[in-house]
Amino acid sequence: MAPGSLVAPNVESIVPYVPGKPIEEVARELGLPDCVKLASNENPIGTSPKAAAALREAAGRAFLYPDGSCFALRAKLAARHGVTPAEIAVGNGTNELIALLARTFLSSGEEAVISATSFPIYGLVLQACGRATTVVPMRGHRYDLPAMAAAVGPRTKLVFIANPDNPNGSYVTAEELSRFLDCVPERVIVALDEAYFEFVEERDYPDATALRRRRPRLVVLRTFSKIYGLAGARVGYAVADPDIVSYLDRVRDPFNVSALAQAAAIAALDDEEHVQATLAVVREGRALLARELPRFGFTVLPSVANFLLVEAGRPGKELFEALLRHGVIVRPMASYGLPGAVRISIGLPEQNARLLSALAAVVARLRTAGG
Ligand SMILES: Cc1ncc(COP(=O)(O)O)c(C=O)c1O
């Protein structure tokens, strides 16, 4: 670090994560009161009603510090997964657990392997820790696990795999994952980020919890942000070896998950009706958009999650900005390394319809303008 520098070079060179544009911001900037946000893969039907009731109930106890051990939530998650509470770590969103894994387990000189054009947070947290990272290209919008296994070297300690992947919507099969694990030394921690696990209905999708029996250093990450509609409450969890959990416990903030978030997550786990209703809306909306979007000349990648990656055949930013003027917020993908694409979250039927009619206007105008 140069004398007098405020931060180390790895921090200086961080390009901040750009979240989906909030509805309030678009409404303010464009004077559009009724915007539709299809930009952050949130739950189209909203928060689980049981979780919302638990949040209201917990509000009166917000003056108390939360249970720093997340005792009740961990017990419930452990029962759900057939593991012990010592195998559950809870985080302020999965994002916190991703950062904690890097901070806790990567010592100086140790490295990580991630995939290009996948969830950008992996690269960001590794850069923030100043750890060397090998970035392996995807193959046809899918994780190239043989290439990732080949990239694992003597210093590699941590691998992140998003399954399903955000933003590509693709997934790694049980067989592919199994072959990968056979090739990667046992000392390597493999973090399987299953943020969209609950949306996947494919039969060849891996049962990562079962694979943990074979490989203690496999860490499974899940979130309450998507299927349970609690993105704003911030709760994610890891199912992992007790040793891994206990080291994460040493590094994390003692009160990393708020009391409100814990109460909401516990209640959400009992709301199967909300889960099923979410799946029905996503299934139907995804099929509709996958059918309709190609009519605009776009290529729509197959997706097993609650969003679609759309190759627009023009800069994604241009499409994003044009749709914004119609009050529809999608996500341009340049910051994910896909400048010609946008990612569209599946919305409610009326939101999907609004997207399609905005697109009809936007695409016609862009074509007339010679684009
Ligand atoms: C692949 C993936 N992992 C993790 C997350 C973060 O989840 P959380 O809201 O629990 O931090 C997301 C959110 O979009 C995601 O797409």
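Yes or no: Leu100 closer than 15 Å to Ala263 by Cβ, modelled with pLDDT of 95 or more and surrounded by 13 or more Cβ atoms within 10 Å (Cβ to Cβ)? When the stated conditions are applied, Leu100 does not pass them. Is there a residue in the stretch 104-122 that is within 12 Å of the ligand (Cβ to nearest atom), out of contact with any strand residue (DSSP E or B) (no Cβ under 7 Å at 6 or more places or on another chain) and either open to solvent by less than 50 Å² (accessible area, probe 1.4 Å) or in contact (Cβ under 8 Å) with a residue 24 or more places away in the chain (or both)? Yes, the stretch 104-122 contains a residue that is within 12 Å of the ligand (Cβ to nearest atom), out of contact with any strand residue (DSSP E or B) (no Cβ under 7 Å at 6 or more places or on another chain) and either open to solvent by less than 50 Å² (accessible area, probe 1.4 Å) or in contact (Cβ under 8 Å) with a residue 24 or more places away in the chain (or both). Being touching a helix residue (DSSP H, G or I) at 6+ places or on another chain (Cβ under 8 Å) and surrounded by fewer than 17 Cβ atoms within 10 Å (Cβ to Cβ) is the filter here; which residues of the stretch 151-193 pass it? Across the stretch 151-193, the qualifying residues are Ser178, Arg179, Cys183. Condition check for Arg286 on (1) over 30 Å from Ala54 (Cβ atoms); (2) basic (Lys, Arg); (3) under 20 Å from the mean Cα position of the chain (by Cα): one failure, at (1). Of the residues making up the stretch 207-214, one or more are more than 18 Å from Asn168 (Cα to Cα), in contact with a helix residue (DSSP H, G or I) (Cβ under 8 Å, 6 or more places away or on another chain), open to solvent by less than 10 Å² (accessible area, probe 1.4 Å) and away from the ligand (no atom under 13 Å from the Cβ). In the stretch 322-342, the residues that are among the basic types (Lys, Arg) form Cβ pairs under 7 Å with partners that are surrounded by 20 or more Cβ atoms within 10 Å (Cβ to Cβ), at six or more places apart or across chains, as follows: Arg331/Ala39; Arg331/Val342; Arg331/Arg343. For the stretch 250-276, the tally of residues that are within 19 Å of the chain's Cα centre (by Cα), farther than 22 Å from Ile346 by Cα and assigned to a helix (DSSP H, G or I) stands at 2.
The number of residues in the stretch 58-73 that are closer than 22 Å to Lys226 by Cα and either open to solvent by 70 Å² or more (accessible area, probe 1.4 Å) or within 16 Å of the ligand (Cβ to nearest atom) (or both) comes to 2. Regarding Asn168, is this residue within 25 Å of Glu87 (Cα to Cα), within 16 Å of the ligand (Cβ to nearest atom) and not hydroxyl-bearing (Ser, Thr, Tyr)? Criteria not met by Asn168. Does the stretch 78-89 contain at least one residue that is within 16 Å of the ligand (Cβ to nearest atom) and either farther than 25 Å from Glu198 by Cα or assigned by TED's automatic domain parsing to the domain that holds Val159 (or both)? Yes, there is a match, as at least one residue in the stretch 78-89 is within 16 Å of the ligand (Cβ to nearest atom) and either farther than 25 Å from Glu198 by Cα or assigned by TED's automatic domain parsing to the domain that holds Val159 (or both). Within the set Gly123, Gly169, the sole residue that is under 16 Å from the mean Cα position of the chain (by Cα), among the small types (Gly, Ala, Ser) and on the phi > 0 side of the Ramachandran plot turns out to be Gly169. Can Leu279 be described as closer than 25 Å to Pro339 by Cα and either in a loop (DSSP other than H, G, I, E, B) or under 22 Å from the mean Cα position of the chain (by Cα) (or both)? Answer is no for this residue. Among the numbered conditions (1) open to solvent by 30 Å² or more (accessible area, probe 1.4 Å); (2) part of a loop (DSSP other than H, G, I, E, B), the only one that Val304 does not meet is (1).
Would a scan of the stretch 235-249 turn up a residue that is more than 11 Å from the ligand (Cβ to nearest atom) and on the phi > 0 side of the Ramachandran plot? No, the stretch 235-249 has no match at all. Give me the residue from the stretch 206-236 that is modelled with pLDDT under 95 and hydrophobic (A, V, I, L, M, F, W, C) and, out of that set, farthest from Leu279 (Cα to Cα). Step by step, filter the stretch 206-236, then rank; the result is Leu211.
The values are calculated or read from the model by the stated rules, or taken from the named source; none is laboratory data. Everything quoted here is computed from the prediction, not taken from an experiment. Virtual Cβ from ideal backbone geometry, glycine too; neighbours counted across all protein chains shown. Note: areas computed on protein heavy atoms with side chains; ligands, DNA, RNA excluded. Shrake-Rupley method; radii C 1.70, N 1.55, O 1.52, S 1.80 Å.
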